[in-house]
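Step one of this worksheet: look at the structure below.
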Amino acid sequence: QFPFGRRLPCDIYWHGVSFHDNNIFSGQVNKFPGMMETVRKITLSRAMRTMQDLFPLEYNFYPRSWILPEELPLFVAEVRMMKDSDPSWKPTFIVKPDGGCQGDGIYLIKDPSDIRLTGSIQSRPAVVQEYICKPLLVDKLKFDIRLYVLLKSLEPLEIYIAKDGLSRFCTEPYQEPTLKNLHQVFMHLTNYSLNIHSGNFIHSDSVNTGSKRTFSSILCRLSSRGADVKKLWSDIISLVIKTIIALTPELKVYYQSDIPAGKPGPTCFQILGFDILLMKNLKPVLLEVNANPSMRIEHEQELSPGVFENVPSPVDEEVKVAVIRDTLRLVDPQKKKRKDTQCPHGRGWNQMSCKVPCKPNHSVILCRRCQSLEQVPEANEELPPAAGPAARPEPDAPRGREAALPSLCLKQVFPKYAKQFNYLRLVDRVAALFIRFLGVKGTTKLGPTGFRTFIRNCKLSNSNFSMAAVDILYIDITRRWNSMGIDHKESGMCLQAFVEAFFCLAQKKYKSLPLHEQVASLVEFCECHLAALHGKRLVWGCG
């Protein structure tokens, strides 16, 4: 552990909180820049709403959301309108502070007038969502699922899901919300950090019982009742991939800002905690995404008043140790080195001394199938500190050590299923246009000159849409987004504002099409013009 950082290079940096804990210039780091900001409740809700506008059916796993305080009038108006159209509708809403965690500040309401406006909403923005009133119950208790997802790479996108997760239970039997039980947090909120303070919380030595269990134990019970567990897993995988696709545009903007292309810097990976609720019909609903899921494998037990002891938690150990172990196996830098010196035919290599005295201790490796030669590092480069040449392992030995470990608990879902989901990556392509015109490296906002250059290079201005109209569009949208309190550190148009402007331009240009086709058509139009411009510049450069 290096509390004050470390100057010497490392293969892997494992940071506790965020990417910016210390300066990192090489190796791999277990955090992405901007991840904490991207999965905050408001930013996540905005990203999901953008995708719901484009693909409403594909993104119906995220509850309808409103952002407070700026959308409070809209929330009030929409709820009133829905009640007028359906008098039998008796909704419940859940209010979640934007920066809250572990259930802090969450409360339920039956009417928009119940929102606590005593100054806290202004100083602590929040998201209000439709509350899921008919969750799946086990032993008459409401529960949620914590699944661990490894984002191994952003470009190219690579996603893994742990084959098991945690099921975290409420500690009072569930009843649908009424004015009488609305404030009973142990009935309605599944947060472990809240329910552990309940007198009904059960710490169990079994992974199949208690107030925290493995998700696989729940799947076994569902399967024994005849539920289609394969379809449930398929729906969860789809939810995870779609959510990551919604988050990647924002992440790419942060990534290019902190690790500009062409400059030395680390590569990133990150374990995320997905909190998912199952409805009575087994439809999974996304509650939130946690950038720093707890990896503790023990819990505190009170021995006597005020005296606590850390006690191992079998269920946490069962799930979390495997996630950490297999994440390290997947990002293992030695694995890449072994891969780089592996025969392309998978037959392994025969090592022999080089007959040409080109440099001391130089070796070659001979492919066992085609007898072709490959150079390998100097003989002692791969050796452990005290080992001599005789101790060099055979090329297959690392694979033998790998075989001794349990099979990977992390299952690759992307790019494995990329063909099914690539059509959803529209906003990714819009973000690529945004990044292209940012100009100054290290920035996350587009200035007026960059926006005008984007319009001009993509041939989007004409007699019906002058450059003066372009400036007005930029000023109006940028001013509104900046008034929402979105990152005042630098001026200019943020990605979310650019996406709104892009949608506006797409609707102007392709009026008769659905929104996703309008946006796709404009993206292709822009990419085509930029490719042609790039080709011309290459010709001019050759000339």
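All of the numbers you see were taken from the coordinates with simple rules; none came from a lab. These numbers come from a predicted model, not from an experiment. Neighbour counts run over all protein chains shown; Cβ positions are idealised from the backbone, glycine included.
Just report the Cα centroid separation between segment 210-259 and segment 36-96, whole Å. What the calculation gives is 21 Å, centre to centre.
Please work out how much length the chain gains when fully extended from Ser193 to Thr443, using 0.36 nm per residue of separation minus the C-alpha to C-alpha distance, in nm with one decimal.
That works out to 86.3 nm of additional length.
Please work out how much length the chain gains when fully extended from Asn310 to Ser223, using 0.36 nm per residue of separation minus the C-alpha to C-alpha distance, in nm with one decimal. Stretched fully, the Asn310-Ser223 segment lengthens by 27.8 nm. Placing R0 at 22 angstrom, the Cβ-Cβ distance between Arg425 and Leu515 gives a FRET efficiency of 0.90 after rounding to 0.05. List residues of segment 128-142, by number, whose backbone nitrogen lies under 13 Å from a label position 7 Å along Cα→C-beta of Ser204. Only 138-141 pass the distance filter. Put a dot 7 Å past the Cα of Leu74, heading toward its Cβ, do the same for Arg479, and the two dots end up 1.9 nm apart.
Taking amide H positions as modeled 1.01 Å from N, with prolines and chain starts lacking one, the residues under 5 Å from Tyr107 and 5 or more places away or on another chain are Val95. 3J(HN,Hα) couplings calculated from phi for segment 425-435 with the Karplus curve 6.51 cos²θ - 1.76 cosθ + 1.60 (θ = phi - 60°) are, in sequence order, 8, 5, 5, 4, 6, 5, 5, 5, 5, 4, 5 Hz; Gly and Pro show x. At Lys230 and Ala432, where each label point lies 7 Å from the Cα along Cα→Cβ, what is the point-to-point distance in nanometres? Between Lys230 and Ala432, the label points sit 3.5 nm apart. Approximating the spin labels as points 7 Å out from Cα along Cα→Cβ, the Cys133-to-His183 distance works out to 2.1 nm. Ranked by the mean number of other Cβ atoms within 10 Å of their residues, highest first, the peptides 238-246, 277-285 fall in the order 238-246, 277-285. Normalised by 2.2 N^0.38 Å, where N is the number of residues, the C-alpha radius of gyration of segment 161-244 stands at 1.27.
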